Amino acid sequence: MIAELIAVGTELLLGNIANTDAQMISEKLSVMGFTVHHHTVVGDNPQRLSEALETARKRADIIITTGGLGPTCDDLTKQTICRTFGREMELHEDILEEIRTWFRTRMGKEMPENNVQQALLPVNCTVFDNPVGTAPGCAFQEGGVHVLMLPGPPFECRYMFEHRAARYLEKLTDGVIISHEIKIFGMGESSVEEALHQPMTQLTNPTLAPYAGLNECMVRATARAETRQAAESMLEPLVEQVRATLGDVVYGVDVDSLEAVVSGLLRDRGLTLSAAESCTGGLIATRMTDLPGASAVFRGGVVSYTNGVKAGVLGVPEELLDRYGAVSDPVARSMAERCREICGSSLAVSVTGVAGPDTDDRGNEVGCVYIAVASERETICKKLSCGRGRGRDRVRSAAASHAFDLLRRMLLELPL
């Protein structure tokens, strides 16, 4: 069945907030076996919403709207949908009482009268109560089209889809779509596509599709089948084929990030990590500490942005800084070794380079980066070009990702 998503809210069109609801719903619909052909965003305007609904009902079996279910005068999604589909609305006293209770118990006050409109729902609809907010959702079928209305706030929308709408939709599908994401670092999208050109162009079910990301890329393997088990049986050999073709640039399947993989490897081996950062300015530490449970593997770090801090805090010998410069192999090695000693970690990673916009005083080009990893038995260092002309943020991000990949390779004893 074909689904179409319509997001309602002028704030989305103005760019004040991102339409994360659409991403979440599309992902979940795909897993359930539905195909999404169109996303539409309209402002808080009844005429334009009605036009979007008329277009959607001609080409979709399922229409899911998000937003416009609040108590204010511009929350007109329900009224517009009912008018477009010829449905009357009625007051649901039980829902109204739930909203009143919400205000008393959560807000400590009586419900404002304008919230009464949230309990007005289409006649003969399936009601989606909302225990995490005040806006109930609903669903009905009219003229062969299923219409579902969900609230706009992301937390409420996710909860209602997972706990209410999904149950309604499960009755409409007789199959599943399963996908696995093969994450890649160290090979660009065009090279990946060239290596996998034959299966990508010849397969119809399952399928392979490449996607470019920030400093990395991903191949999504997707299969449609009657059951999850059947789909997984189709995908398993395909995923293994991709891994065998691409080799060790594949850093994981269905994993969140390079740093998550590194964190897991450290935890499995009972090791800890620290970081000495110059041009990345603490980005490695940030990406590590963004992970739940990071304290089990990450000891800390030093942002040694200046030579004074490299020498005075980390203890990098000044003669190395004077002779080779901050952006150099000897300094990167010393930063990692001293950081490991100071933080008492099993491993330490260091990054020093030129983020731009200009070359440094030694003539190192923008994007020139040295990354070192120190362990008890050895220190390794790599010189990399992280992209001249890409901008400071891109250079810093690429350098941090390369640092995590170097750690991954060292922990897995892969070619460096």
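The values are calculated or read from the model by the stated rules, or taken from the named source; none is laboratory data. The structure displayed is predicted, hence computed values, not measured ones. So basically every Cβ, Gly included, is an ideal-geometry build from the backbone, and we count neighbours across all protein chains shown. To get the accessible areas, we keep the full protein, side chains included, count just its heavy atoms, and leave off ligands, DNA and RNA. Shrake-Rupley method; radii C 1.70, N 1.55, O 1.52, S 1.80 Å.
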- Message: Taking the full set of protein chains and a 1.4 angstrom probe, give the accessible area of residue 233 in square angstrom, rounded to the nearest 10.
- Response: 80 Å²
- Message: What are the ³J(HN,Hα) couplings of the stretch 198-205, residue after residue, when phi is run through the Karplus curve with 6.51, -1.76, 1.60 and θ = phi - 60°? Round to Hz, x for glycine and proline.
- Response: 4, x, 5, 8, 9, 6, 10, 6
- Note on the structure: Excluding residues fewer than 8 positions from residue 109 in its own chain, the lysines with Cα under 27 Å of it are 78
- Within the stretch 9-40, which residues have the backbone N less than 17 Å from the label spot 7 Å out from residue 79 along Cα→beta-carbon, could you tell me? 9-10
- Message: Only bridges whose two residues both fall in the chain count here: according to DSSP, what percent of them are antiparallel, nearest 5?
- Response: 60 percent
- Item | Long-range amide H partners of residue 142 with built H, under 5 Å | 147
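With the other protein chains left in place, how much accessible area per residue, in square angstrom, belongs to the chain at a 1.4 angstrom probe? Can you show the working numbers first?
Working: 19440 Å² over 416 residues.
Value returned for the chain: 47 Å² of accessible area per residue.
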- When the dipole is taken about the Cα centre of the stretch 253-388, and only Lys, Arg (+1) and Asp, Glu (-1) are charged at their Cβ, what size is it in debye, to the nearest 20? 220 debye
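How much length is gained if the chain between residue 236 and residue 101 is pulled fully straight, taking 0.36 nm per residue apart and subtracting their Cα-Cα distance, in nm to one decimal?
Details: separation 135, 0.36 × 135 = 48.60 nm, distance 4.96 nm.
Stretched out fully, the residue 236 to residue 101 stretch lengthens by 43.6 nm.
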- Once 159, 305, 370 are ranked on solvent-accessible area with the largest value leading and a 1.4 Å probe, the list reads 305, 159, 370
- Compute the FRET efficiency between residue 10 and residue 289 as 1/(1 + (r/R0)^6), taking r as their Cβ-Cβ distance and R0 = 45 Å, and round to the nearest 0.05. 0.80
- Determine, from the Cβ-Cβ distance of residue 329 and residue 18 and an R0 of 60 Å, the FRET efficiency 1/(1 + (r/R0)^6), rounded to the nearest 0.05. 0.90
- Message: Please report the accessible area of residue 37 (heavy atoms, 1.4 Å probe, ligands and nucleic acids excluded) in Å², nearest 10.
- Response: 100 Å²
- Task: Would you kindly find the accessible area of residue 358, with a 1.4 Å probe and non-protein molecules such as ligands, DNA and RNA excluded, rounding to the nearest 10 Å²?
- Result: 110 Å²
- Item | Computed over the stretch 62-150: relative contact order in percent, which uses C-alpha pairs under 8 Å that are six or more apart | 36 percent
- Kindly provide log₁₀ I(q)/I(0) values, in the same order as q = 0.14 Å⁻¹, from the Debye equation applied to equal alpha-carbon scatterers of the chain. -1.12
- Note on the structure: For 183, 171, the accessible-area ranking with a 1.4 Å probe, largest leading, is 171, 183
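Express the carbon and sulfur contribution to the solvent-accessible surface of the stretch 1-68 as a percent, rounded to the nearest whole number, probe 1.4 angstrom. Please list the in-between numbers first.
Numbers: 1520 of 3060 Å².
Heavy-atom surface of the stretch 1-68 belonging to carbon and sulfur, 1.4 Å probe: 50 percent.
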- Message: Taking amide H atoms as placed 1.01 Å from N in the peptide plane, list the residues 5 or more away in sequence, or in a different chain, whose amide H sits under 5 Å from that of residue 302.
- Response: 275, 276, 277
- Under Stokes-Einstein, the stretch 150-196 at 10 °C and 1.306 mPa s, with its Kirkwood radius over C-alpha pairs, diffuses with a coefficient in µm²/s of 111 µm²/s
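Please list 228, 390 from largest to smallest accessible area, probe radius 1.4 Å, with all protein chains kept in place.
Numbers: 228 130, 390 85 Å².
Ranking 228, 390 by accessible area, largest first, yields 228, 390.
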- For residue 414 paired with residue 197, estimate the spin-label separation in nm (one decimal), with each label point 7 Å from Cα along the Cα-to-Cβ line. 2.5 nm
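How high is the relative contact order of the chain, in percent, with contacts defined as C-alpha pairs under 8 Å that are six or more residues apart?
Details: 787 pairs, mean separation 42.0, N = 416.
The value is 10 percent.
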- Task: Using θ = phi - 60° and the Karplus relation 6.51 cos²θ - 1.76 cosθ + 1.60, list the HN-Hα couplings for the stretch 221-230 in order, rounded to whole Hz, with x at every Gly or Pro.
- Result: 9, 10, 9, 10, 7, 6, 10, 4, 4, 5
- Could you go through the stretch 184-192 in sequence order and give the Karplus-derived ³J(HN,Hα) for each residue, using 6.51 cos²θ - 1.76 cosθ + 1.60 with θ = phi - 60°, rounded to whole Hz, and x for Gly and Pro? 10, 9, x, 8, x, 4, 5, 5, 4
- Item | Cysteines without a disulfide-compatible partner [the chain; Cβ-Cβ under 4.7 Å] | 73, 82, 157, 217, 279, 339, 343, 368, 381, 386
- Query: Where a Cα-Cα gap under 27 Å defines reach, which lysines qualify for residue 183, not counting those fewer than 8 residues away within the same chain?
  - Reply: 28, 382, 383
- For the residue pair residue 214 and residue 38, what label-to-label distance in nm results when each label sits 7 Å from Cα along the Cα-to-beta-carbon direction? 3.2 nm
- Just subtract the alpha-carbon distance of residue 48 and residue 120 from 0.36 nm times their residue separation and send over the number in nm, one decimal. 23.7 nm
